[in-house]
Every structure is written in C-alpha cells, then in structure tokens.
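Peer 1: Below is the structure I would like to discuss, written out as structure tokens.
Bear in mind that the values in this text are calculations on the coordinates, not laboratory data. Keep in mind the model is a prediction, meaning the values are calculated, not measured. Glycine also receives a Cβ, built like all others from the backbone with ideal geometry; neighbour counts cover every protein chain displayed.
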Amino acid sequence: MQRIGQQEGLRAKEARLKQLFLGALAGDQQVYQEFLRELSAHLRAFLRKRLISLPDEVEDLVQEALLAVHNHRHTYDPNQPVSAWVQAIAKYKLVDLLRRRGGHERLTDSLDDYDDLLVVEDAEAGQARRDLHKLMDDLPDQQRLPIIHTKLEGLSVREAAQLTGMSESAVKVGVHRGLKALAAMIRGQK
C-alpha cells in the first residue's frame, strides 16, 4: 500500500516538473524560474546522496547540471519523462566530475536508479526552509515583506514596493535591515 502511495507521489512530481518545463519551453519565464527552483532541489538531493565524501562539489554540480538542462532544452522529447532526461544529464555531469578528479572517488550510491531523481528528498533544505520561516516570523513587516518579495520570490524592488505599498527606498532599507537582523539572529545575538 505504501509502495502505491510512493508511486503516485512520483507520478505527481513527474507531471508537475513536466508541466513546468513544457510551459518554460513555450516561453513563460516565470514558470521557467519555478521549474529551475524545483529542479535544483531534486538535483541537490540526488547529488548529495551520491557525493557524501565530496559535499563541497554538490552545489557546483547542481549549477553545471542546470546550465546543461538550459543549453540542451531543445533536445528534450516531450513524449519522455522529464525526470529521466534530467537524470541522464546529472549522471553525465557526475561522471565528468569523477573523471576530472582522476576517478579515485567512490560514489556512495548507484547511478542506475531510474526514479531516484524524484525519490530523494532534500531533508536538509526542508529543515533550512522551516528554520528560515521561523526566523522571518520574528521580523517586523517592514523588513520581512521586502525580503520575502525580493529575495525569496525574486520580484524587483519596484514590484515589491507596489505590492507592499512601501516606497522603493523603504523596500531597500527593509531588505538591508532585515538581512542584518536575520544574520544577528542566526549568530544568536537577537
């Protein structure tokens, strides 16, 4: 029963990624940004699981894989699962990294798991998001909202100002002061 639920979850993730990617291929930049955000979380988890002995390489490899997805997006066949196509790219980048390092590193996990790109959850990223939201809740609206809109949602300062009713300079000041306050909270100097 649990296996069926997991398979349905994988199908739903695949359908979501595919829908986003097809929207991106049709030219919707906002959908493309959303696709890249979701895909990067899957890639990060997929690569982190395999590069336990090389944690510093994970983020670079995620960026290389995202760049390859972007550069080769015209090769994607819409009749195929997008996760399989992306996983093939990620595997290629991983093997390339190991070759560059002389092939002496051992992978922690196999490269042959088909649905693995979508199966692996990035628990560390999820915990970081929860921690960030807890910290953000302690900020006043004048700091929290500008950070959410500009740093997390990717809106411009002008768009954030229009959305919040603040001036553009107030948004910039709010972001600056909010990030400074968050840094102090993280250091325990709240």
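Peer 1: Give me the dipole magnitude in Debye, nearest 20, for the range 1-82 about the Cα centre, with unit charges on the beta carbon: positive for Lys and Arg, negative for Asp and Glu. Display every interim value, and only then the final one.
Peer 2: On the way: 11 positive and 11 negative charges, 78 e Å.
With Lys and Arg at +1 and Asp and Glu at -1, about 380 debye.
Peer 1: Just report the Cα centroid separation between the range 66-99 and the range 128-186, whole Å.
Peer 2: When both Cα centres are located, 34 Å separates them.
Peer 1: Percent of alpha carbon pairs in the range 124-187 separated by more than 14 Å?
Peer 2: 53 percent
Peer 1: Using the number of other C-beta atoms within 10 angstrom as an exposure proxy, rank F46, F21 with the fewest first.
Peer 2: On the way: F46 29, F21 24.
Taking fewest neighbouring Cβ atoms as first place, the list is F21, F46.
Peer 1: While we're looking at this one, here's another question. Which peptide among 73-84, 170-181 comes first, and what is the full order, when sorted by highest mean count of other Cβ atoms within 10 Å? Please list the in-between numbers first.
Peer 2: Numbers: 73-84: 13.2, 170-181: 17.9.
So the order, starting with the most tightly packed, is 170-181, 73-84.
Peer 1: Give the cross-link partners of K13 among the lysines, using a straight C-alpha distance below 27 Å as the criterion and excluding same-chain residues fewer than 8 apart.
Peer 2: K49, K91, K93, K134, K151
Peer 1: For the residues K134, K13, what sequence is obtained by ranking on other C-beta atoms within 10 Å, fewest first?
Peer 2: Values: K134 10, K13 17.
So the ranking, lowest neighbour count to highest, is K134, K13.
Peer 1: Return E14, E64 ranked ascending by Cβ neighbour count within 10 Å, so the fewest neighbours appear first.
Peer 2: E14, E64
Peer 1: Same structure, new question: Take L179 and E159, extend 7 Å from each Cα along the Cα→Cβ direction, and tell me the distance between the two endpoints in nm.
Peer 2: In this crude label model, L179 to E159 measures out at 1.8 nm.
Peer 1: While we're on this one: State, to one decimal in nm, how far the label point of S53 lies from the label point of R37, with both points 7 Å from Cα in the Cβ direction.
Peer 2: Placing both labels 7 Å along Cα→Cβ, they lie 3.6 nm apart.
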